[in-house]
1. Can you compute the charge dipole magnitude of the range 1-67 about its Cα centre, using +1 on each Lys and Arg Cβ and -1 on each Asp and Glu Cβ, nothing else charged? Give it in debye, rounded to the nearest 20.
2. How much length would be gained if the chain were fully extended between residue 13 and residue 116, taking 0.36 nm per residue of separation minus their Cα-Cα distance, in nm to one decimal?
3. Just going by the charge dipole of the range 23-154, with Lys and Arg at +1 and Asp and Glu at -1 on Cβ, which of 88, 65, 23 is farthest out on the positive end?
4. Can you give me the Rg/Rh ratio for the range 1-90, using Cα atoms for both radii and the Kirkwood formula for Rh?
5. About the Cα centre of the range 94-133, how large is the charge dipole given +1 on each Lys and Arg Cβ and -1 on each Asp and Glu Cβ? Please answer in debye to the nearest 20.
6. Mind checking the dipole of the range 1-141: about its Cα centre, +1 per Lys or Arg Cβ, -1 per Asp or Glu Cβ, Debye to the nearest 20?
7. Considering every pair of different Cα atoms, what Kirkwood radius, in Å, is found for the chain?
8. Based on DSSP H runs of at least 4 residues, each adding -39500 (n - 2.57), what is the mean residue ellipticity at 222 nm of the chain after dividing by all its residues, to the nearest 500 deg cm²/dmol?
Amino acid sequence: MDWGTLAGTAVGAVLGVSTTLLGERSRWRRENTSRERAAKQQLYGEYLAALWLTRHRLRDLKRSIGLSREERIKQAGEILGSANAFQLLYQMHIMAPAPLGAVADQTFLRLRHLRDRFDEPDVSIDPEWSATQGALGEALEALQRAMRLDLRSL
């Protein structure tokens, strides 16, 4: 028996299997990254939409006339709760990197501050409304930038 032929066959088999395994691992990595990116895009879009929708609904509530203070406070709480922002924030903490989670927290706090403006005796003439609304707008823009950076890094 020729040992050279046997050794060549064994080396060829090892190289073939190794190449196949490396190719499969590379393909799995690409697919996994693609799935992670798609999941993050979905979550980030849903979270931003929930925040923007809540912001606009609170602004509309501020403009509504004929509601008592208690009715406005109640509706403001319902608006914040109905948009799923709480649930999406917790998902952000699970999926997003820590720096992005901190920006998401900050944005949510600014949204809550806007909701809390309804605790004032007459929110329709609240002098702090514009500043609170502006701070939330800046936080939303910062969150959007942070999300884009995270998605580019994948």
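FYI, it's all coordinate maths here, none of it is from the lab. Model, not experiment: these values are computed from the prediction. Reconstructed Cβ throughout: ideal geometry from the backbone, glycine too, with neighbour counts over all protein chains shown.
1. Once rounded to the nearest 20, the dipole reads 820 debye.
2. Working it through step by step, the gained length comes to 30.2 nm.
3. 23
4. Numbers: Rg = 29.4 Å, Rh = 18.3 Å.
Looking at the range 1-90, the ratio lands at 1.61.
5. Roughly 260 debye for the range 94-133.
6. Here the range 1-141 has a charge dipole of around 280 debye.
7. The Cα-based Kirkwood calculation yields 18.8 Å.
8. On the way: 5 runs with 129 residues, N = 154.
That calculation yields -30000 deg cm²/dmol at 222 nm.
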